Amino acid sequence: MLGLPGTWIGKEIFYWYTAVIAYLVGIDCLFISIGFLLLANCWKRKKGYYLWSAFFAFLASGTSLQVTSFVCSWLLLVLLVLFMSVRPDMGDTGKRSLCIKDTIPFLSAFAGALINTFSPGNMLRSQATMGDIQYGVFDAVKDTAAIQIDELAGIFHDPFFLTLVFVMLFSCICFKIKAAQNIYSKTPLGVLLVTVGVLVSNFLCIFPVVLGYHGSGLSSQRTKYVAELEIRFSILFAVMYLSQYIQQLFAEKVKQKRACCLAGIVGCSLVCIGVFLCLNDQPEELFSGYSFELIKEISDGRVKGIFSLRKEVLEEFEAAEDGTDIYVKMPPLPPSRATYSQGIAMDPNDIVNAAVADMFHLNSVAVEYGAK
């Protein structure tokens, strides 16, 4: 996923400490929580798995409100899948397998979301940035829908992602997902509800950002990256569910013609990549994913050069006398898309500069890159 075009914006999530804690940790906890919930259903509802799932769900909902929305909507999606499924040990009765215990992780996440949403910090920040703007919930709903359409259009113009979708679709048709063997029932209604649920989860992931920033949209790289990550993952989730439904319908035929299906996977992938390479006006953008960018910048020495300059700045601060004013002049930083800004600016009154000065027991600090 990190190799996909446009994902270089994920650098904020990986290199900015605040974003790591407020976004990445929450997403990690969400998937751990889902893992424990599915394990509980695959292993005769062991209580320990439910407790761990609820614990990580609560942690996940305490991060950024965008991630909190991501967490709650995804746990609801999993509940929907469990509700539409039956367990093999129940025979062919069609009895649904959802029980009260399955709702515990979602309820835990929802409780955390309420605490998070109504915490004083969120209210103060929203009021501080409102100004004279009159922006309400209905405005946010309208703007969120427009942004969601734009994001979906951009993602479905990504040849690598479409290739991934085709590969996953045909692979999951050819091979039953073993992790789902105890929650196997797929129905047309289930496919429809999961698809609708995915679209709703996309909307809910974008909505808090639009409402919180009063219509300015996914203005920061971290919010845009999380939204695109959620949309991509949820689409793949729906594709897996659809493919397992198709596999269930044509299990015997698929088994007999598995070699043909595998050939179809390879063929579709090559055709998909070839067509988009030919039609894309900027083929270099196809290789602008985070992984590609980072590998390129490590290879040509840019990452090493940036690291050396930043290390030199910190050494200057460490060597300085306590209580002094430090102004550091450095050569220009190499241009980079893969690494994140150091954050120390020329203005000594900047909030980051003030924090750095306090950390090194200095009166003030300022750094100028590219000084003659």
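Values in this text are rule-based calculations from the coordinates and carry no lab data. Computed from a prediction, not measured in an experiment: that's the story for all the values here. Virtual Cβ from ideal backbone geometry, glycine too; neighbours counted across all protein chains shown.
Per residue, what volume in Å³ does the Cα convex hull of the range 302-369 take up?
Values: hull volume 5.2 nm³, N = 68.
So the per-residue hull volume is 76 Å³.
On full extension of the chain, what length is gained from Arg337 through Leu152, given 0.36 nm per residue of separation minus the C-alpha to C-alpha distance?
Values: separation 185, 0.36 × 185 = 66.60 nm, distance 2.35 nm.
Answer, rounded to one decimal: 64.2 nm.
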Original post:
Length gain on complete extension for the stretch Ser291 to Phe360, per 0.36 nm per residue less the alpha carbon to alpha carbon distance?
Top reply: 21.4 nm
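Could you list Thr339, Thr195, Thr144, Thr68 in order of exposure, starting from the residue whose Cβ has the fewest other Cβ atoms within 10 Å?
Numbers: Thr339 19, Thr195 16, Thr144 22, Thr68 26.
Ranking Thr339, Thr195, Thr144, Thr68 by Cβ neighbours within 10 Å, fewest first, gives Thr195, Thr339, Thr144, Thr68.
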**OP:** With a point put 7 Å past each Cα toward its Cβ, work out how far Asp28 is from Val137 in nm, to one decimal.
**Re:** 3.5
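If I take R0 = 22 Å and measure r between the Cβ atoms of Tyr327 and Ser220 in this structure, what FRET efficiency does the formula 1/(1 + (r/R0)^6) give, to the nearest 0.05? Could you put the intermediate results ahead of the total?
Details: r = 29 Å, r/R0 = 1.33.
That pair, Tyr327 with Ser220, gives E of 0.15.
If you keep only loop residues by DSSP, which GluC sites (Glu not before Pro) in the range 284-360 have at most 13 other Cβ atoms within 10 Å of their Cβ?
Values: sites: Glu284, Glu285, Glu293, Glu297, Glu312, Glu315, Glu316, Glu318, Glu321; in loops: Glu321.
Loop-located and lightly packed - Glu321.
Quick one: which of Lys304/Lys329; Lys224/Lys304; Lys11/Lys224; Lys11/Lys311; Lys296/Lys329; Lys224/Lys329 span more than 23 angstrom between C-alpha atoms? List each step's numbers first, then the result.
Numbers: Lys304/Lys329 19 Å; Lys224/Lys304 28 Å; Lys11/Lys224 12 Å; Lys11/Lys311 19 Å; Lys296/Lys329 28 Å; Lys224/Lys329 34 Å.
Those over the limit are Lys224/Lys304; Lys296/Lys329; Lys224/Lys329.
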